[in-house]
1. How about region 155-172: which of its residues are hydrophobic (A, V, I, L, M, F, W, C) and either open to solvent by 10 Å² or more (accessible area, probe 1.4 Å) or touching a His at 6+ places or on another chain (Cβ under 7 Å) (or both)?
2. For region 360-407, how many residues meet the condition of being open to solvent by less than 30 Å² (accessible area, probe 1.4 Å) and among the aromatic types (Phe, Trp, Tyr)?
3. If you take the residues of region 7-53 that are hydroxyl-bearing (Ser, Thr, Tyr) and part of a helix (DSSP H, G or I), which of them is surrounded by the fewest Cβ atoms within 10 Å (Cβ to Cβ)?
4. Residues in region 300-313: is at least one of a type in the set (S, T, N, Q), closer than 30 Å to Ile76 by Cα and surrounded by 20 or more Cβ atoms within 10 Å (Cβ to Cβ)?
5. Would you say Thr90 is at pLDDT 90 or above and among the hydroxyl-bearing types (Ser, Thr, Tyr)?
6. Taking the stated definitions as given, is Leu391 assigned to a helix (DSSP H, G or I), farther than 24 Å from Leu259 by Cβ, out of contact with any Pro (no Cβ under 7 Å at 6 or more places or on another chain) and not acidic (Asp, Glu)?
7. Here are some residues: Ile131, Ile151. Which one is open to solvent by 10 Å² or more (accessible area, probe 1.4 Å), of a type in the set (A, V, I, L, M) and over 18 Å from Tyr413 (Cβ atoms)?
8. Determine whether Gly351 is in contact (Cβ under 8 Å) with a residue 24 or more places away in the chain, of a type in the set (Gly, Ala, Ser), in contact with a strand residue (DSSP E or B) (Cβ under 8 Å, 6 or more places away or on another chain) and open to solvent by less than 60 Å² (accessible area, probe 1.4 Å).
Amino acid sequence: MEDRRSAEITSVEEFKRGWKIVLLAGIGLACGLGAIPIYTSGVLTAKLTVEFSWSKAEVQGIYSWFTLGNLIAAPILGWMVDKRGVRNITLFSIIGMALGMASLGLFTGPLWTFYLIAFLTAIVGVGTVPITWTRLIVDWFDVSRGKALGIALAGTGVSATFLPVYATWLITEFGWRFTYLGLAALPAFIAFPLAYFFLWDRRENIDTGNNNEIKDNFMQKGLKVTEVLYGYRYWVINLAFVIIGLSIAGLISNFVLMLIDRDISLIDGAKIAGVIGPSVIAGRLITGYLVDRFWAPGVALVLLSLPAISCLILATGFGGVGAAMFAAILIGLAAGAEFDLMSFLVSRYFGQRNYGLIYSFLYAVFKISAGIGAPLFGYVKDTYNTYDPILFLSSGLLIGGSMLLLTLGRYRYSN
């Protein structure tokens, strides 16, 4: 009882010390490259196809170049935040992202110039993705790390609800050029001032006076990169999240089309799909709460396997609209758990020493797998005129991928 009371007091103290960091990370993620391009892509695509007579695929290629730039820059970012800290890199990236988004609205050149700007924006703005913000949370929180990660990462779920409405208002009232300027204003006038005043690296705020040795030891707790790569745990986490990311991304991107295949109208399908966003937020918060109290791989088995039920519902058409709504909720809960679990597992099994670099590799591979998921589901539909084969396969993959994480064993670095 005494130990438990002590842990609870420590948890309270952690949030008293670091609540501003959690709030800042949530806002930073909501205004970052992991949210703004993807959640406004649909609104801007519809307008740019009319404005320039480009195809939908050509316009959506802008988002692909955002992703490519992030993937190339992610490992460099991970290495830099491990060596240099988060603050200066993040401040630079926020400004770089804002200038890049504004440039998209000011340019009048051919399509390739949009691609180039998107690519360069992703390179300089890579510090606004979860790699930096989760590193910040991992450094500031230990006992309540899961809860802190869940609250912070819920910022992207808020973006999923807010950004399409904001972008639609801008494009309707002011046109597509001003929409890009309005999107650039989010990191420039919300994220940057908050980060400038409240973002501080944990190394600079450890209460040890001038004892730099203690400060350095705090940040050096963890495995070397070579030790991580030669161990099996990194590869297990990588494979598990590739399988899970591919399946969940395919489900989300094709969800409405699957419902239409089951004779649900487009309007009803869109309404049902709308519950995925709030479910993602709930999934992040629930995951954060659970991993602070229970073994994270066990939590992952439960939460990341949930869409397996969704796959079976969608493949069989069982239960009509009510069951489809239930399937959407399960998909959202799992989608909300992904990044929370990845961040938490990296910190508990590999430590803080090279967290940024290790997480950046996992993040890049995960994003690639998610990018493959959507067209793969579409390919199966085109080939077999049904989603059923990929749905049944994904049901098994989700359970199998989640079960892989059970092989990780005890934490190496626990609170």
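The values are calculated or read from the model by the stated rules, or taken from the named source; none is laboratory data. If you're wondering where the values come from, they're calculated on a predicted model, not measured in any experiment. Cβ sites come from the backbone with ideal geometry, for glycine too, and all protein chains shown count toward neighbours. Each accessible area value is taken on the protein alone, full model and side chains, heavy atoms only, with ligands, DNA and RNA left out. Shrake-Rupley method; radii C 1.70, N 1.55, O 1.52, S 1.80 Å.
1. Just the residues of region 155-172 that are hydrophobic (A, V, I, L, M, F, W, C), to begin with: 158, 160, 162-163, 165, 167, 169-171.
Val158, Ala160, Phe162, Val165, Trp169, Ile171, listed by residue number.
2. So in region 360-407, the residues open to solvent by less than 30 Å² (accessible area, probe 1.4 Å) come out as 360, 362-364, 366, 369-370, 373, 377-378, 380, 387, 390-391, 394-395, 398, 401-402, 405.
Subset that is among the aromatic types (Phe, Trp, Tyr): 363, 366, 377, 387.
Here the count works out to 4.
3. Going through region 7-53, the residues hydroxyl-bearing (Ser, Thr, Tyr) turn out to be 10-11, 39-41, 45, 49, 53.
Among the residues that remain, those that are also part of a helix (DSSP H, G or I) are: 10-11, 39-41, 45, 49.
On the way: Thr10: 13, Ser11: 19, Tyr39: 21, Thr40: 24, Ser41: 18, Thr45: 19, Thr49: 16.
Step by step, filter region 7-53, then rank; the result is Thr10.
4. At the first step, the residues of region 300-313 found to be of a type in the set (S, T, N, Q) are 305, 310.
Filter once more, keeping what is closer than 30 Å to Ile76 by Cα: none.
No, region 300-313 contains no residue that is of a type in the set (S, T, N, Q), closer than 30 Å to Ile76 by Cα and surrounded by 20 or more Cβ atoms within 10 Å (Cβ to Cβ).
5. yes
6. Taking the combined requirement at face value, the residue does not satisfy it.
7. Residue meeting the stated conditions: Ile151.
8. On the way: in contact (Cβ under 8 Å) with a residue 24 or more places away in the chain: yes; of a type in the set (Gly, Ala, Ser): yes; in contact with a strand residue (DSSP E or B) (Cβ under 8 Å, 6 or more places away or on another chain): yes; open to solvent by less than 60 Å² (accessible area, probe 1.4 Å): yes.
Yes; evaluated as a whole, the condition is true for this residue.
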